[in-house]
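The values are calculated or read from the model by the stated rules, or taken from the named source; none is laboratory data. Remember, predicted model here, so these are calculated numbers, not experimental data. Neighbour counts are summed over all protein chains in view; Cβ atoms, including those assigned to glycine, are modelled from backbone coordinates with ideal geometry. Please note that ligands, DNA and RNA were not included when accessible areas were found on the heavy atoms of the full protein model with its side chains. Shrake-Rupley method; radii C 1.70, N 1.55, O 1.52, S 1.80 Å.
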Amino acid sequence: MTAISLGMPSVPTKLAERRQSRQIQVGSVAVGGDAPVSVQSMTTTRTSDIGATLQQIAELTASGCQIVRVACPTQDDADALSTIARKSQIPVIADIHFQPKYVFAAIEAGCAAVRVNPGNIKQFDDKVKEIAKAAKDHGTPIRIGVNAGSLDRRLLQKYGKATPEALVESALWEASLFEEHDFRDIKISVKHNDPVVMIEAYKQLAAQCDYPLHLGVTEAGPAFQGTIKSAVAFGALLSQGIGDTIRVSLSAPPAEEVKVGLQILESLNLKQRGLEIVSCPSCGRAQVDVYKLAEEVTAGLTGMEVPLRVAVMGCVVNGPGEAREADLGVASGNGKGQIFVKGEVIKTVPESKIVETLIEEAMKLAEQMEAAGTESGEPSVSVAG
């Protein structure tokens, strides 16, 4: 009789092998190939206001942003690029529309890369040879950023609207012009505000070229709506190994974009997890105020960077199991909570002492992990019921 194993099933650490793309270098950040997926954002300041722009870049850097894009619609903005690129702690990409002369200005200013929107730059195709030479001479990558809202008029006439096929044809056409001049230091994006169209466009693009791809749902909307759209679209593509950089576009402060982007990558195991808080939605079984517990524990552990899983559970059904699986947890009920550390109950405390006890034990674990030089793991704080 064949023995049946009742052990825990193995869990994949990633959903798919990464799409094989060529690798480019955006300043200090490698993009494509086997480099980690990086998170980008864009400043909302006037680029010509150097102080304000650098301040916002510093805030984005502190939030975990790895590459930042700045708009360059005027000569004053172009004049500011050199100082901003030099003083920024992360690579700066110049965002160019309408005027091809600013492409050259950005390259000369030492920007880590230049984003061009071929659909709205006048006579762009005629300038490709010069742009390719300047970019090659300075080692500056070019992002071909096709956007549904500014698609080339010829393609709109051909397809009737910004279909996936139209977006891909635009991107590959422009890439082919650069290829004619032996320039392949290229990254491509094909953004659309509809996640379904966007996903299909990137899938087609990924199958037709080996350039690294920058993912984005353009004009995704306010924070909640934009977060959902971006998570759905990025998750669908990244889970298939498609995507090398991401930018969450929100009608919200740029640091919020970075926060969402990082969380998407962590959720897919594409970035090392730090502190993770998982909480239950609460239900009729909960015997404590789960929302309050979750908020207070989260607030008390803000800033902790070690990979730690903390489970804050509100009932006796799922509580003990979830708490036992975490690095640190509590199973609450009847006015008290059982504190778990590494799967073992170490004490039972009154409900009023749960938060301070969890924070105290989390600090102990963090110190132990830092002393041991812990660099990896899948931390999380779970609050469930």
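Test Gly110 against the stated conditions and say whether it is more than 30 Å from Thr302 (Cα to Cα) and touching a helix residue (DSSP H, G or I) at 6+ places or on another chain (Cβ under 7 Å).
yes
Could you tell me whether the stretch 69-77 includes any residue that is in contact with a Pro (Cβ under 7 Å, 6 or more places away or on another chain) and either open to solvent by 10 Å² or more (accessible area, probe 1.4 Å) or over 25 Å from Pro254 (Cα atoms) (or both)?
Within the stretch 69-77, not a single residue is in contact with a Pro (Cβ under 7 Å, 6 or more places away or on another chain) and either open to solvent by 10 Å² or more (accessible area, probe 1.4 Å) or over 25 Å from Pro254 (Cα atoms) (or both).
Given the stretch 320-365, what strands (runs of 3 or more DSSP E) lie entirely inside it while holding 3 or more residues that are open to solvent by less than 40 Å² (accessible area, probe 1.4 Å)?
Ranges flagged: 328-333, 336-341.
Give the number of residues within the stretch 222-248 that are open to solvent by less than 10 Å² (accessible area, probe 1.4 Å) and over 14 Å from Gly33 (Cβ atoms).
The total comes to 7.
Output the residues belonging to the stretch 32-49 that are touching a Pro at 6+ places or on another chain (Cβ under 9 Å), β-branched (Val, Ile, Thr) and over 16 Å from Gly64 (Cα atoms).
Hits for the stretch 32-49 are Thr44, Thr47.
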